[in-house]
Amino acid sequence: MIPTSRTFGGHPETDTGSDHSAGADGELRARAVALRRAGFSRREIRDRLGVPGNSTLTALLAGEPPPVGSRRPNAKDELRARARGLRAQGRTYDEITAALGVSKSSVSLWVRDLPKPPTPPERLRRMSEARWGPHRAERARERERVRVESAAEVGLLSDRELFLVGVGLYWAEGAKSKPHRPSERVRFVNSDPGMIALFLRWLDLLGVERERLTFRLMIHERADVAAAERYWAEEVGVAVSRLAPTTLKRHNPKTGRGNTGENYRGCFVVTVLKSADLYRRIEGWWCGIVGAANSGSS
């Protein structure tokens, strides 16, 4: 209520009845607020103070938030808590939205105060695969197309062509005599079964009997040695018992190995016994190829 004043003899006089009413309202609000902060419900406050209706009580409690314990359970409170937990685990907004069935805007409202979590390595891998996977697949298809077309261009090899290819193959991949380590033994080491097959076919062309050949596997000790021995024995067409004892490479924890997995089968060694003369001939053939190539270019 607004106090009014009247003038008697030139002196204003305040309406003390209005002041009393305003004071009573303030005291009633203070009592209502105190009860609210003590955890009383609106109904309990209304009954204790004799407040006639909800509108009056609302006016008395204006600006005073309800105590935590008096709030009704809200389903969104649980969703918010779950959303924050998922965000703390590193989930994205889209993943949280899908997991909880809520809108992305709600997720943003609930968790935007949390720090952005680092992207997990597995998710980085999936993102990379989603971006580059189609390109890699297309590149693989193109590579296979070119490989098939190029293989068809070779056709059949004559004996002379196979002879020249074999000389180049051995001089690139075979064991060679060194000034610091003289050796005249034909030995070929490779992990590619195609290279081994071509080398054996070349030896057949040269008339080298299979009885003069020894076979040996070199492989890391942590690999499946028995499976690799069976694989190579089948590739060259001999029994596993025909192989010389396998050479195992000791494990070095400081070395990061890339040759792992089921397709790792080590290196296969083919040695020709009593091969000093053959080695000298290979050396001469290679010199002849180089000389012929240089003469042709001039």
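Quick notes on this structure:
- Of all DSSP beta bridges confined to the chain, the antiparallel ones make up roughly 85%.
- Residue 190 sits among other residues whose Cβ lies under 15 Å from its own Cβ, and their net charge, with Lys and Arg +1 and Asp and Glu -1, is +2.
- Computed over the chain, the per-residue total of -39500 (n - 2.57) for DSSP H runs of n ≥ 4 gives a 222 nm mean residue ellipticity of -18000 deg cm²/dmol, rounded to 500.
- Spin-label zone in segment 205-228 - amide nitrogen under 15 Å from a point set 7 Å from the Cα of residue 283 along the C-beta vector: none
- Answer label for mean projected area of the Cα convex hull in nm² (calculated), chosen among [x] 39.3; [y] 16.6; [z] 25.4: [x]
- Phi angles across segment 167-179 convert, under the Karplus curve 6.51 cos²θ - 1.76 cosθ + 1.60 with θ = phi - 60°, into 3J(HN,Hα) values of 4, x, 4, 5, 5, 7, 10, x, 6, 10, 5, 10, x Hz, Gly and Pro given as x.
- For segment 163-268, the residue among 183, 206, 170 whose Cα projects farthest onto the positive side of the dipole built from Cβ charges is 183.
- Tensor-based shape of segment 38-189 (alpha-carbon gyration tensor, a/c under 1.5 rounded, otherwise prolate or oblate): prolate
- Charge tally in the Cβ shell below 14 Å around residue 270, where Lys, Arg are +1 and Asp, Glu are -1, residue 270 excluded: +1
- Note on the chain: with charges restricted to the Cβ of Lys and Arg (+1) and Asp and Glu (-1), its dipole about the Cα centre is near 660 debye.
- For segment 262-273, Karplus couplings with θ = phi - 60° (6.51, -1.76, 1.60), whole Hz, Gly/Pro x: 5, 8, 7, 10, x, 10, 10, 10, 10, 10, 9, 6
- Taking the Cα centre of segment 77-164 as origin and assigning +1 to Lys and Arg Cβ atoms and -1 to Asp and Glu Cβ atoms, the resulting dipole is close to 580 debye.
- Subtracting the Cα-Cα distance of residue 292 and residue 64 from their residue separation scaled by 0.36 nm leaves 71.8 nm.
- Taking θ as phi - 60° and the Karplus parameters 6.51, -1.76 and 1.60, the scalar couplings of segment 216-225 work out to 8, 9, 10, 7, 5, 5, 8, 7, 7, 5 Hz in sequence order, x denoting glycine and proline.
- Lysine pairs with alpha-carbon atoms under 27 Å apart, the chain, spacing 8 or more or separate chains: 7
- Residues residue 98 and residue 222, FRET efficiency given R0 of 45 Å [Cβ-Cβ distance, rounded to 0.05]: 0.60
- Inter-label distance, nm, simple model (7 Å from Cα along the C-beta direction), residue 144/residue 244: 4.0 nm
Only the coordinates and a few stated rules stand behind these numbers; no lab work does. This one's a predicted model, so the numbers in the text were calculated from it and none came from an experiment. Cβ coordinates were reconstructed from backbone atoms using ideal geometry, including for glycine residues, and neighbour counts include every protein chain displayed.
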